[in-house]
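This report refers to the structure that appears directly beneath it.
The values are calculated or read from the model by the stated rules, or taken from the named source; none is laboratory data. No experiment lies behind these values; they were computed from the predicted model shown. Glycine also receives a Cβ, built like all others from the backbone with ideal geometry; neighbour counts cover every protein chain displayed. We work out accessible area using only protein heavy atoms, side chains counted, and drop any ligands, DNA or RNA first. Shrake-Rupley method; radii C 1.70, N 1.55, O 1.52, S 1.80 Å.
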Amino acid sequence: MAFRARIPARLFRVLLCGTTILALWACLTAKAEAADTDRIWSALVLATHSANPREPAPELQKFSGKIKKFFGYNQVELVGSATKTVTAECERWLVPSQNFWLSVKSTQAIKDGYLLDLVVFHDKRRLVSAQAKLAHGSPLMIRGPMHARGQLIIVLQVL
(Lines give C-alpha, C1' and ligand atoms only; values in the text may rest on other atoms or scores of the structure.)
Protein backbone atom coordinates (compact mmCIF):
# COMPACT_ATOMS: atom_id res chain seq x y z
CA MET A 1 0.00 0.00 0.00
CA ALA A 2 1.51 3.34 -1.05
CA PHE A 3 1.97 6.12 1.47
CA ARG A 4 -0.28 9.06 0.76
CA ALA A 5 0.07 12.31 2.69
CA ARG A 6 -3.19 14.02 3.35
CA ILE A 7 -3.39 17.78 3.80
CA PRO A 8 -6.59 18.92 5.45
CA ALA A 9 -8.74 20.97 3.07
CA ARG A 10 -8.65 24.06 5.26
CA LEU A 11 -4.81 24.07 5.44
CA PHE A 12 -4.67 23.54 1.66
CA ARG A 13 -6.88 26.61 1.06
CA VAL A 14 -4.75 28.74 3.43
CA LEU A 15 -1.52 27.68 1.67
CA LEU A 16 -3.03 28.30 -1.77
CA CYS A 17 -4.29 31.75 -0.73
CA GLY A 18 -0.91 32.66 0.82
CA THR A 19 0.99 31.52 -2.29
CA THR A 20 -1.35 33.54 -4.53
CA ILE A 21 -0.87 36.68 -2.42
CA LEU A 22 2.93 36.24 -2.49
CA ALA A 23 2.91 35.80 -6.28
CA LEU A 24 0.78 38.94 -6.77
CA TRP A 25 3.03 40.95 -4.45
CA ALA A 26 6.14 39.81 -6.38
CA CYS A 27 4.57 40.82 -9.71
CA LEU A 28 3.49 44.23 -8.42
CA THR A 29 6.93 44.89 -6.89
CA ALA A 30 8.71 43.95 -10.13
CA LYS A 31 6.47 46.28 -12.17
CA ALA A 32 7.02 49.14 -9.71
CA GLU A 33 10.81 48.73 -9.91
CA ALA A 34 10.76 48.60 -13.71
CA ALA A 35 8.70 51.80 -13.89
CA ASP A 36 11.08 53.57 -11.52
CA THR A 37 14.09 53.63 -13.86
CA ASP A 38 16.54 56.48 -13.90
CA ARG A 39 17.28 58.74 -16.84
CA ILE A 40 20.62 60.01 -18.12
CA TRP A 41 20.67 63.56 -19.43
CA SER A 42 23.46 64.60 -21.77
CA ALA A 43 24.20 68.07 -23.04
CA LEU A 44 26.63 69.67 -25.43
CA VAL A 45 27.64 73.04 -24.02
CA LEU A 46 29.60 75.87 -25.64
CA ALA A 47 31.65 77.65 -22.97
CA THR A 48 33.11 81.06 -23.85
CA HIS A 49 34.71 84.17 -22.37
CA SER A 50 32.42 87.17 -22.69
CA ALA A 51 32.67 90.78 -21.57
CA ASN A 52 28.90 90.74 -20.93
CA PRO A 53 27.95 87.16 -20.07
CA ARG A 54 24.30 86.20 -20.59
CA GLU A 55 22.26 84.14 -18.18
CA PRO A 56 22.59 80.41 -18.90
CA ALA A 57 19.64 78.38 -20.13
CA PRO A 58 17.49 77.00 -17.28
CA GLU A 59 18.90 73.50 -17.87
CA LEU A 60 22.42 74.82 -17.30
CA GLN A 61 21.80 77.00 -14.22
CA LYS A 62 23.18 74.42 -11.79
CA PHE A 63 26.23 73.64 -13.97
CA SER A 64 27.38 77.15 -14.90
CA GLY A 65 29.20 77.72 -11.59
CA LYS A 66 31.11 74.44 -11.89
CA ILE A 67 32.03 75.17 -15.50
CA LYS A 68 33.36 78.59 -14.49
CA LYS A 69 35.31 77.11 -11.58
CA PHE A 70 36.83 74.12 -13.37
CA PHE A 71 37.19 75.37 -16.95
CA GLY A 72 37.48 79.14 -16.43
CA TYR A 73 34.67 80.27 -18.77
CA ASN A 74 32.08 82.83 -17.70
CA GLN A 75 29.34 82.11 -20.26
CA VAL A 76 27.67 78.83 -21.20
CA GLU A 77 25.26 78.13 -24.05
CA LEU A 78 23.28 74.95 -24.57
CA VAL A 79 23.99 73.59 -28.06
CA GLY A 80 21.80 70.51 -27.62
CA SER A 81 20.69 67.84 -25.18
CA ALA A 82 19.27 64.32 -25.04
CA THR A 83 17.70 62.18 -22.33
CA LYS A 84 17.33 58.38 -22.20
CA THR A 85 16.26 55.88 -19.57
CA VAL A 86 18.95 53.75 -17.99
CA THR A 87 18.88 50.48 -16.09
CA ALA A 88 21.52 48.31 -14.40
CA GLU A 89 22.72 46.73 -17.65
CA CYS A 90 21.83 48.51 -20.86
CA GLU A 91 23.33 50.44 -23.77
CA ARG A 92 21.95 53.76 -24.97
CA TRP A 93 22.90 56.24 -27.68
CA LEU A 94 22.61 59.85 -26.59
CA VAL A 95 22.63 62.40 -29.40
CA PRO A 96 22.87 65.91 -27.94
CA SER A 97 23.66 67.47 -31.33
CA GLN A 98 23.88 66.61 -35.01
CA ASN A 99 27.67 66.13 -34.87
CA PHE A 100 28.26 64.72 -31.37
CA TRP A 101 26.87 61.55 -29.87
CA LEU A 102 27.65 59.26 -26.98
CA SER A 103 27.46 55.53 -26.48
CA VAL A 104 26.57 54.96 -22.83
CA LYS A 105 26.74 51.36 -21.66
CA SER A 106 25.66 50.76 -18.08
CA THR A 107 27.62 47.80 -16.74
CA GLN A 108 26.40 47.83 -13.14
CA ALA A 109 24.05 49.69 -10.84
CA ILE A 110 25.82 51.10 -7.78
CA LYS A 111 24.50 53.00 -4.79
CA ASP A 112 22.72 56.06 -6.19
CA GLY A 113 24.15 55.67 -9.70
CA TYR A 114 25.80 53.54 -12.36
CA LEU A 115 29.16 52.30 -13.62
CA LEU A 116 29.35 53.30 -17.27
CA ASP A 117 31.45 52.62 -20.32
CA LEU A 118 31.37 55.85 -22.34
CA VAL A 119 32.41 56.48 -25.93
CA VAL A 120 32.19 60.02 -27.34
CA PHE A 121 32.01 60.51 -31.11
CA HIS A 122 32.38 63.61 -33.27
CA ASP A 123 30.86 62.84 -36.65
CA LYS A 124 32.25 59.33 -37.33
CA ARG A 125 35.46 59.80 -35.33
CA ARG A 126 35.84 58.36 -31.84
CA LEU A 127 37.14 61.08 -29.52
CA VAL A 128 37.39 59.29 -26.20
CA SER A 129 36.52 56.06 -24.42
CA ALA A 130 36.28 55.98 -20.65
CA GLN A 131 34.81 54.17 -17.70
CA ALA A 132 33.08 56.37 -15.15
CA LYS A 133 30.87 56.30 -12.09
CA LEU A 134 27.86 58.53 -12.57
CA ALA A 135 25.66 59.24 -9.56
CA HIS A 136 22.65 61.42 -8.75
CA GLY A 137 23.76 64.97 -7.94
CA SER A 138 27.27 64.39 -9.28
CA PRO A 139 27.50 65.40 -12.95
CA LEU A 140 30.30 64.33 -15.25
CA MET A 141 31.83 67.05 -17.43
CA ILE A 142 34.11 66.16 -20.32
CA ARG A 143 36.24 68.80 -22.04
CA GLY A 144 35.58 68.46 -25.75
CA PRO A 145 37.31 70.03 -28.71
CA MET A 146 37.86 73.75 -29.14
CA HIS A 147 35.28 75.63 -31.17
CA ALA A 148 35.73 78.87 -33.10
CA ARG A 149 34.03 80.79 -30.27
CA GLY A 150 35.15 78.74 -27.26
CA GLN A 151 35.29 75.28 -25.71
CA LEU A 152 32.80 72.44 -26.17
CA ILE A 153 31.93 70.61 -22.96
CA ILE A 154 29.86 67.44 -22.67
CA VAL A 155 27.78 67.12 -19.50
CA LEU A 156 26.20 63.88 -18.22
CA GLN A 157 23.82 63.70 -15.27
CA VAL A 158 21.64 60.97 -13.74
CA LEU A 159 18.12 62.33 -13.24
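Hey, got the dipole for the range 64-144? About the Cα centre, +1 on K and R Cβ, -1 on D and E Cβ, debye to the nearest 20?
Values: 12 positive and 6 negative charges, 47 e Å.
Here the range 64-144 has a charge dipole of around 220 debye.
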Legend entry - With all protein chains modelled, accessible area of Ile142 [1.4 Å, Å²]: 40 Å²
Inset, instruction - Can you send over the carbon and sulfur percentage of the accessible area for the range 101-159, probe radius 1.4 Å, protein chains only? - result: 53 percent
Inset, instruction - Express in Å², to the nearest 10, the accessible area of Trp93 obtained by rolling a 1.4 Å probe over the protein heavy atoms while all chains stay in place. - result: 120 Å²
Legend entry - Range of Cα positions in the range 92-157 per principal axis (Å), largest first: 40, 23, 17
Inset, instruction - With a 1.4 Å probe and all protein chains in place, put His122, His49, His147 in order of accessible area, largest first. - result: His49, His147, His122
Inset, instruction - At a Cα cut-off below 24 Å, give the lysines reachable from Lys66, other chains included and same-chain residues fewer than 8 away excluded. - result: Lys84, Lys111, Lys133
Inset, instruction - Mind grabbing the base-10 log of I(q)/I(0) for the range 77-116 at q = 0.26, 0.31 Å⁻¹? Debye formula, identical points on the C-alpha positions, no solvent, two decimal places. - result: -0.85, -1.00
Inset, instruction - Obtain the nm distance between the two label points defined at Ala132 and Ile110 by a simple spin-label model: each point lies 7 Å from its Cα along the Cα-to-C-beta direction. - result: 1.3 nm
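Quick one: accessible area per residue over the range 48-157, 1.4 Å probe, rounded to a whole number of Å²?
On a per-residue basis, 59 Å².
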Legend entry - Along each principal axis, Cα extent of the range 37-159, largest first, Å: 45, 31, 19
